[in-house]
Amino acid sequence: METTIAIVKTQPALSPWRLFWHRLRRRKIALTGGVTLIFLYAVAIFAGFIAPYRYDQISDNAFFHPPVWPRLQGFRLVVPRSEQMPGDFVYRQISNDTRPLHFFIRGGKYKLLGFIPCSLHLFGTGDDNYSVYLFGADQFGRDIFSRLLYGSQVSLSIGVVGILLSFSLGMIVGGISGYFSGWTDTVVMRFCELIMSIPALYLIISLRNVFPPGMSSSQVYAMIIVILSFIGWASMARVIRGMALSLREQPFILAARSLGQSHLKIICRHILPNTFSYVIVAATLSVPYYILGEVVLSFLGVGIQEPQASWGLMLNAAQNTEYMQRFPWLLAPGAAIFVTVLAFNFLGDGLRDAADTKSL
Amino acid sequence: MSLLEVKNLKVYFPVKHGMFSRTPEFVKAVDNVSFTIEPGETLGLVGESGCGKTTLGRAIVRLVEPTAGSVLLNGENVAQMSGSVLRARRRKFQIIFQDPYGSLNPRMTVEQIVGEALDIHKLTDSKAARQKRIVELLKAVGLDAIYAQRYPHEFSGGQRQRIGIARALAVEPELIICDEPVSALDVSVQAQIINLLRDLQQERGIAYLFIAHDLAVVEHISRRVMVMYLGKVVETADAKTIIREPQHPYTQALISAIPEVDPESKRQRIILPGDVPSPIHPPGGCPFHPRCPIAEERCRTEVPAFREVARKHFAACHLAGTKIASPRNPARSDAV
Amino acid sequence: MNLLEIKNLKMDFGTDADALRAVDGVSFNIGAGETVCLVGESGCGKTVTALSIARLVPTPPANYVGGEILLNGRDVLKMSSGELRSIRGGVVSYVFQEPGASLNPVFRIGNQIKESLKLHRPEKATNEEVIRLLKLVGIPAPESRIKNYPFEMSGGMQQRVMIAMALASEPKLLVADEPTTALDVTIQAQILELLSELKRRLGMAILLITHNLGIVGDMADRVAVMYAGQIVELSPAKELLRRPLHPYTKALMASVPKLHGTADRLSAIPGNVPRLGNFPPGCRFAPRCPIAKPECSDKLPELVEVEAGRFVRCPFWKSP
């Protein structure tokens, strides 16, 4: 007599990732953060296309120009001409002298994704006398909106690349240290603590001085990532080490050992994958620190250099309190940083709640 | 030749007392244990927490390093092996664990879990053969082939335990250490797993070291039973004999402590006073004497030898054979 | 009037479309001084039912959708928080499965017992009373034990401290949720012996939750067997063990290996305990039942009194 046990539902296997995604979807704030970030990174990728001007496009008669927005005339968007008035950086818009705003217009050259030469822009007037400065212009007459977009490429990518580097290193070191424990663990952890005990800001600046002053912008970019990663990996290593230490006593690890699995494979296949839910959360919540790290370096003048654009470098110009009062649009990069950091934190909080299977 | 011969096995764990202590202390988890297991036989191992049964099981499969003694598998001393030689020998002995929830990697599918065993020892030579073997193993433990793509959290405790058994079977072992395999399962599922283990033994001739704290389960599945207390073996005999005629007072107390379903049995419960003492400072003489109802002066000072007290029945007690309660009449349960 | 009357208790986890019914129409009584065992496997709802007696299940996520719990005639589900505080400890006390987890590791056990006294019998919140309670539960040398931290005691001792804490407030009903499952079998025997003795001396009613039918034989006056959120059999203990009526009870008893039993194959119950939200239609045990008939899956059977004091939820209980 056989009793058949019916399989109630046949559905695709519920991998831990899918479960995680289900739980994340229910947290609206996290999704808001996530969507915002997707938007920001998409904009960064297409910065050259969306920006009406190049990041180094100087305009002699537009220093500290206030924002110029296109306005509706009939059914068309038009941009008025600006005229410099006597005195310190004062301007006036001439409302009846306008040019229409065109979309998908040819303009200054740029390289899409870094290697495809392109000159198509999302919008523009085609005439440099009729400039559309959405967020005004800086001290060299460069469009802040465009520089913001180009700067986002630097600032946003540094966060991601830095995290990937430091967390990979941290996971490997922490995994080995926790799994083997004993002397390996002691030595490695003391080294991590050494690194962590040095105040981050001073470490950043000292490391900067290790590198020669005259470097190309892409070298500077790589240098910043290396410096920030060097500081960041230690704290991740410590946490992963703690997780590895407790995981190695779990029966499924003992089972792998009793089957004769090699230590390396146990670390890579069993221990580290079970730290992913923590790592993702920690990574998301750490990216803001990397972004801010770059901001600090560039702000202090030892990071990204002119004429490149980065949010930190742009804030450098806003140091002068008189300028901040008279030309508040110079602080646009600060707002961008704020939104980005907030979005990462919302997403990170949501990820942490979704990963915590004890909460509902 | 016996399949497994354990000789004078000792597993001591040092207790660290800080940097400046001079005499290191040891937790004598397994203290000079010797026994054999024949091919295809089940040896039951009972004892309470702290008696060393789990440590003994793990020491045999080298998850815990033995401090002294030998573990002879088909004549070869496994306790001294290392490296690739040990890895190759690991196919001969496997272990299944108590905790069905912790014994499977939550991020791997059933196929990956069972397949890993095959991959480590290169037991199949093509993807198709591997697939086929995995399905065979799942069927052997009573699981449907479509479960191969599922993740552990989708299964019940009993099913997870079956997956663990399939993993152990994959390398075709001759001995499986069963470390409390049914203690964490629902009562209605325990019988399924016990039956499964017996069936597999009959089909494949696998020997078991069946570790449990439930004497009734152990008696049911084992040919012989070993009772441990504080790292030492106190009694070994055939399963039926040890239940009917326990010679050691601890065994007698253990048996009488089991709540019995039969409402008619009027037995005298032997309640042992106190707690199981610490394995760091075991009592002198017989380790059981502080709790023993019939302890004498000799028991406090002299360690009793593990000797044959009846045919094929061994006990470590100066007063072996003294009954401390009237023997329980086997309850004849009415047909239910 | 009974000390405790649970009438048709229904409780869900979650709300609306997501709701999972954990307790589905459970009814039973406990008289003063009586010991009732609630037997069942994981997920059957026994723990949640027991916790409901003092409304210890947090709502949300739990949601009481029906029934009453009358403690000395007053419905617990309708009590205010002030009334609840006074019955918790005052009328009903709990002892849980893991004594190590139920005791606060950073406080000495003497202080923890005193805390219980301060809440319900403040005039007796003294060391003398604590020592008396420790003696009552059989802890040797209680005067020195008062200063112990939980980690300094063994599992059996910790459980005795838990029981002392529960008794400090002199409850009428002691709810013990698998109090010996985490303990070694010889210690289990000690604790069960202690509970029996306390029952005799203090005249306390006990609701004992367990999955071990052997404990039922030793301790219980009456037994309720639960499966998938419902009571399937309710009966005096000796009757149930001598002659179980529900197929599930029979199968459970047959599947447990017994001492001195034969070494033949155990008669296992096929399949798995259904999980919350996945209960089969009709009789919930039908898919695993050896005598199931097609109509069993159509309609959920009622709990019916088939002999004096014996209730079964199965129309075919007479089958062998």
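The values are calculated or read from the model by the stated rules, or taken from the named source; none is laboratory data. The shown structure was predicted, so the numbers you read here are calculated from the model rather than taken from an experiment. Quick reminder, even Gly has a Cβ in these numbers, built from the backbone with ideal geometry, and neighbours come from all protein chains shown.
Listing for the model above:
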item: Any chance C:ARG222 is surrounded by 20 or more Cβ atoms within 10 Å (Cβ to Cβ) and basic (Lys, Arg); result: yes
item: Helices (runs of 4 or more DSSP H) within segment C:13-118 that include 1 or more residues more than 14 Å from the chain's Cα centre (by Cα) and within 28 Å of C:GLY214 (Cβ to Cβ); result: C:99-102
item: Subset of segment C:98-137 [β-branched (Val, Ile, Thr) and farther than 20 Å from C:MET153 by Cα]; result: C:THR126
item: C:ALA176 being assigned to a helix (DSSP H, G or I) and away from chain B (no Cβ under 14 Å); result: no
item: Helices (runs of 4 or more DSSP H) contained in segment A:226-332 and holding at least 1 residues modelled with pLDDT under 85 and buried (at least 22 other Cβ atoms within 10 Å of the Cβ); result: A:276-299
item: A:GLN319 under 18 Å from A:ARG147 (Cα atoms) and out of contact with any helix residue (DSSP H, G or I) (no Cβ under 7 Å at 6 or more places or on another chain); result: yes
item: Any hit, segment B:19-38, residues being acidic (Asp, Glu), outside any strand (DSSP E or B) and in contact (Cβ under 8 Å) with a residue 12 or more places away in the chain; result: yes
item: Qualifying residue in segment C:285-292 (condition: within 22 Å of the chain's Cα centre (by Cα) and within 13 Å of chain B (Cβ to nearest Cβ)); result: yes
item: Sole exception among (1) touching a helix residue (DSSP H, G or I) at 6+ places or on another chain (Cβ under 8 Å); (2) outside any loop (DSSP other than H, G, I, E, B); (3) among the aliphatic types (A, V, I, L, M) for B:ALA184, by number; result: (2)
item: Cβ-Cβ under 8 Å pairs, at least 6 apart or on other chains, segment C:29-45 side within 11 Å of chain B (Cβ to nearest Cβ), far side surrounded by 24 or more Cβ atoms within 10 Å (Cβ to Cβ) and of a type in the set (D, E, K, R); result: C:VAL39/C:LYS46; C:GLY40/C:LYS46
item: Subset tally (residues that are within 18 Å of A:ARG142 (Cβ to Cβ) and hydrophobic (A, V, I, L, M, F, W, C)) for segment A:300-309; result: 2
item: Segment B:307-317, residues that are in a loop (DSSP other than H, G, I, E, B) and surrounded by 19 or more Cβ atoms within 10 Å (Cβ to Cβ); result: B:ALA316, B:CYS317
item: Evaluation of C:GLY282 against (1) farther than 17 Å from C:VAL232 by Cα; (2) surrounded by fewer than 20 Cβ atoms within 10 Å (Cβ to Cβ) (one fails), failing number; result: (1)
item: Selected residue (only one of C:ASP264, C:ASP298 is more than 7 Å from chain B (Cβ to nearest Cβ) and either closer than 30 Å to B:ALA239 by Cβ or among the aliphatic types (A, V, I, L, M) (or both)); result: C:ASP264
item: Helices (runs of 4 or more DSSP H) wholly inside segment C:212-320 containing at least 2 residues that are small (Gly, Ala, Ser); result: C:213-219, C:247-255
item: Unique residue being in a helix (DSSP H, G or I), buried (at least 19 other Cβ atoms within 10 Å of the Cβ) and of a type in the set (D, E, K, R) when the list is B:ARG167, B:ARG130; result: B:ARG167
item: Test result for B:PHE288, crowded, with 23+ Cβ neighbours inside 10 Å and either within 12 Å of another protein chain (Cβ to nearest Cβ) or in contact (Cβ under 8 Å) with a residue 60 or more places away in the chain (or both); result: yes
item: Test for B:ILE243: is it among the hydrophobic types (A, V, I, L, M, F, W, C), within 8 Å of chain C (Cβ to nearest Cβ), in contact with a helix residue (DSSP H, G or I) (Cβ under 7 Å, 6 or more places away or on another chain) and within 25 Å of B:GLU41 (Cα to Cα); result: yes
item: Any pair with Cβ under 9 angstrom, 6 or more apart, that starts in segment C:286-303 at a residue that is within 17 Å of C:SER255 (Cα to Cα) and ends at one that is among the aliphatic types (A, V, I, L, M) and in a helix (DSSP H, G or I); result: C:ARG288/C:ALA251; C:CYS289/C:ALA251; C:PRO290/C:ALA251
item: Residue selected from segment A:333-344 under the condition over 12 Å from the mean Cα position of the chain (by Cα) and touching a residue at least 12 places away in the same chain (Cβ under 8 Å), by the criterion surrounded by the most Cβ atoms within 10 Å (Cβ to Cβ); result: A:PRO333
item: Segment B:73-101 residues that are more than 11 Å from chain A (Cβ to nearest Cβ), paired with ones that are aromatic (Phe, Trp, Tyr) (beta carbon under 9 Å, 6 or more apart); result: B:LEU73/B:PHE93; B:VAL78/B:PHE93
item: Selection status of B:HIS153, part of a helix (DSSP H, G or I) and closer than 30 Å to B:GLN112 by Cβ; result: yes
item: Tabulated pairs, segment A:33-60, first surrounded by fewer than 20 Cβ atoms within 10 Å (Cβ to Cβ), second hydrophobic (A, V, I, L, M, F, W, C) and part of a loop (DSSP other than H, G, I, E, B), C-beta under 6 angstrom, 6+ apart or interchain; result: A:ILE58/A:PHE140
item: Criterion violated by A:SER157 - all others in (1) in contact (Cβ under 8 Å) with a residue 24 or more places away in the chain; (2) not assigned by TED's automatic domain parsing to the domain that holds A:ALA309 satisfied; result: (2)
item: Scan of segment B:222-240 for residues that are surrounded by 24 or more Cβ atoms within 10 Å (Cβ to Cβ) and either within 13 Å of chain C (Cβ to nearest Cβ) or under 18 Å from C:LYS258 (Cβ atoms) (or both), ordered by number; result: B:SER222, B:VAL225, B:VAL227, B:MET228, B:TYR229
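Each row is one residue, and each column tells you yes or no for (1) closer than 28 Å to B:LYS240 by Cβ; (2) facing chain B (nearest Cβ under 7 Å).
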| site | (1), (2) |
| --- | --- |
| C:LEU183 | yes, no |
| C:ALA205 | no, no |
| C:LEU208 | no, no |
| C:VAL216 | yes, no |
| C:ALA228 | no, no |
| C:PRO236 | no, no |
| C:HIS246 | no, no |
| C:LEU252 | yes, yes |
| C:PRO274 | no, no |
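Results for (1) out of contact with any Ser or Thr (no Cβ under 7 Å at 6 or more places or on another chain); (2) surrounded by 20 or more Cβ atoms within 10 Å (Cβ to Cβ); (3) within 25 Å of B:SER256 (Cα to Cα); (4) of a type outside the set (Val, Ile, Thr), shown as yes or no for each residue.
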| position | (1), (2), (3), (4) |
| --- | --- |
| C:PRO150 | yes, yes, no, yes |
| C:MET157 | yes, yes, yes, yes |
| C:ARG160 | yes, yes, yes, yes |
| C:LEU173 | yes, yes, no, yes |
| C:LEU183 | yes, yes, yes, yes |
| C:ILE187 | yes, yes, yes, no |
| C:GLU193 | yes, no, yes, yes |
| C:SER196 | yes, no, yes, yes |
